[in-house]
Each structure stands twice: as C-alpha cells, then as structure tokens.
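Okay, structure first, notes after.
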Amino acid sequence: MLLETVAIWVGRNVPLPGSGRVLTTLYPHHYGAPRFVKGVRRRRDGLLVDVDSRNVIDWNLLFRGEYEPQMGALLRILVPQGGVAIDVGANVGAHTLTLSRAVGSTGCVLAFEPNPITRAALRRNVDLNGFSNIHIYDCALGASTQVLPLRVPRIGTPEYANQGLASLVALETPHEEVRVQVRTLDQIDAEGRFTRLDLVKIDVQGYECHVLEGMRGVLDAYGPALIFEFEDWAWAKAGADIERLNDVIRRSGYELWRIAAGRHAALTRLVEASHLPPHAELLALKSGDSRAAMLRAA
C-alpha cells in the first residue's frame, strides 16, 4: 500500500521526463503484470473510479489522476451547467463522469458504449458517484441502422489491456466479435431524447465519420461542439476520408480546430479539412460560436 501511495503521488505531482517509465516498471499496464492495483480509488478531481491498473485507461486515472487531460479541460469549458452532452464511445466513463459534473443535476449526459466489458465498468463508475444525470445506451452510433460485429480485444493478448481498441472497423488486431445494434444520433433525437445539445465527443477507433454522417440533422438543429479524432489509416479502413469529413463539416457550417496536447484546454489553429495531418485531435465549432473565443482565452 505504501508503494502504491508513493507511486500515485509521484505520478500526479512529478511531471519529469522518465517518471512514466518508472511507474510502468513498478506497475505495468498489461494483464500479465506481477504487481497491480485493483479497487475503488479517487481521481485527481475527487471522483470515484473502480480501477484495475493493468488496464491502460485505469492506469492513467490512478497514477496520473486523469485520462487525456486536455480533453477534460476542454469539456469543462465547452459544456455549461444545465447543458446536454453526448459521449460516443464512453468506455469506462473517464470523460462521461467529467461531463456529468460539468452539466450538473439540471443537465444530462448520454453515454453510448456497445462493448459489454467496458459498459459494465462504466455503470459501476456512474453508480459509485451517485450520478443520476447519465443515461447509458448499449448501442453503437453510425450513419445508418444495422447490426454489425464489434471487434473486441481478445483476452490474453496485449491489446486486451486497452478496451478502447474495440471497433466496428476491421482493424488488424486480435479480437473476438460481438454483434451490436448500430443507430444514428438523428434517430435518437427523433425520439425526443433531448431539446438542446451542447457537445458531442466521439472516440470510436476510425468510425468517427460514420457517426458524424448519421447526425446531420442534429448538427443543423443544435450546433453542438464536436470533439473527435482523425486517424487517416483507421478512417481508410472504415471507408472514410478527408473528403467525406469535409462534406459534413462544410455543409453544416462548422470550422475545424486542432487540439494541442498537454494538461490545458488549448487550440493550436484553425485548419481546413483538406490540410489535416495523418493524425489529429479535432474540435469542430459552428462558424461564429462564441466558445472559440473562450478557448483562446483559457
């Protein structure tokens, strides 16, 4: 327990080169690790999470106190109290919990997670914090209604430590298949599930463009901020590319910003979809959205 306490303190308070290597030597994040932490712990922001340090996301929540800190910082700025946010590919809830606290008791969060393994962990983390403003969906989102195989990392492989690799895309990783329902966000909206929408975060391992194409009506009706990843090879595997992204972005009146790495909410610059690098974390805002100025000042 003392070693764990020291490791957590170092991970959260000593941002020096090499500290991560020391921590992963002490507590490797793979399921063959001889030493690991398992149980309920607190994140840096005080929220409770049920962690297993052999899992990559849990490892970061435990030893760094947060996962993808630049994303968390952005979410807290972009989503107001009383707002509505959607987490597509919610995984164990690292960002879902952040969104829940941001919108407060008068807002709500819709969390979509089709992977049964991570959805169970998501429910556990939601229950631990007593959040009643989170609605969990077991379906995936895409461009049309269908049933597809979700490729889930196979137990006993290195990939199993990162369930975030689960994907509807035929990625070349060892996996098992789970049949899942795919719906569109426009269909969810048509059921009257929300009357406003402030933000949609999408992390679906190459299927992002399909999710965006299935929410054109939502983009026009509510103009939510969009946070998603562009990975050229994964998008190509999914049959998507920059041209398809550009069609969605331009038709709905959005502008793209690159998200800078680091612990703070920072945008690097406005970019054209046609000029994207092979990999980029992106924020899309409607032209004239006042939140762009807020982020520049952050």
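Here residue 106 does not fit the description of being farther than 21 Å from residue 163 by Cβ, among the hydroxyl-bearing types (Ser, Thr, Tyr) and either touching a residue at least 60 places away in the same chain (Cβ under 8 Å) or in contact with a strand residue (DSSP E or B) (Cβ under 7 Å, 6 or more places away or on another chain) (or both).
Could you please find all residues in region 31-48 being surrounded by fewer than 12 Cβ atoms within 10 Å (Cβ to Cβ) and in a loop (DSSP other than H, G, I, E, B)? Across region 31-48, the qualifying residues are 32, 34, 46.
Conditions tested, residue by residue: (1) in the same structural domain as residue 28 (by TED's automatic domain parsing); (2) touching a strand residue (DSSP E or B) at 6+ places or on another chain (Cβ under 6 Å); (3) among the basic types (Lys, Arg).
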residue	(1), (2), (3)
145	no, yes, no
150	no, yes, no
154	no, yes, yes
158	no, no, no
161	no, no, no
167	no, yes, no
177	no, yes, no
184	no, no, no
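Among the residues making up region 231-257, those that are out of contact with any strand residue (DSSP E or B) (no Cβ under 8 Å at 6 or more places or on another chain), part of a helix (DSSP H, G or I) and of a type in the set (Asp, Glu) are 243, 247. Right, residue 85: of a type in the set (A, V, I, L, M) and more than 23 Å from residue 294 (Cβ to Cβ) or not? In short, no.
For region 115-136, check the following and say yes or no: at least one residue is of a type in the set (A, V, I, L, M, F, W, C), within 18 Å of residue 212 (Cβ to Cβ) and surrounded by fewer than 21 Cβ atoms within 10 Å (Cβ to Cβ). No; the residues of region 115-136 include none that is of a type in the set (A, V, I, L, M, F, W, C), within 18 Å of residue 212 (Cβ to Cβ) and surrounded by fewer than 21 Cβ atoms within 10 Å (Cβ to Cβ).
Suppose we filter region 176-232 for residues that are aliphatic (A, V, I, L, M), in contact with a Cys (Cβ under 7 Å, 6 or more places away or on another chain) and more than 18 Å from residue 248 (Cβ to Cβ); how many remain?
1
Note on region 142-151: among residues that are out of contact with any Pro (no Cβ under 8 Å at 6 or more places or on another chain) and of a type outside the set (S, T, N, Q), the one that is surrounded by the fewest Cβ atoms within 10 Å (Cβ to Cβ) is 147. Across region 159-197, the qualifying residues are those that are small (Gly, Ala, Ser) and surrounded by fewer than 15 Cβ atoms within 10 Å (Cβ to Cβ), and the one among them that is farthest from residue 82 (Cα to Cα) is 170. Go through (1) in contact (Cβ under 8 Å) with a residue 40 or more places away in the chain; (2) more than 16 Å from the chain's Cα centre (by Cα) for residue 205 and report which single condition fails. Tallying (1) in contact (Cβ under 8 Å) with a residue 40 or more places away in the chain; (2) more than 16 Å from the chain's Cα centre (by Cα), residue 205 fails exactly one: (2).
The values are calculated or read from the model by the stated rules, or taken from the named source; none is laboratory data. Not measured: the values here are computed from a predicted model. We place every Cβ from the backbone using ideal geometry, glycine too, and count neighbours over all the protein chains shown.
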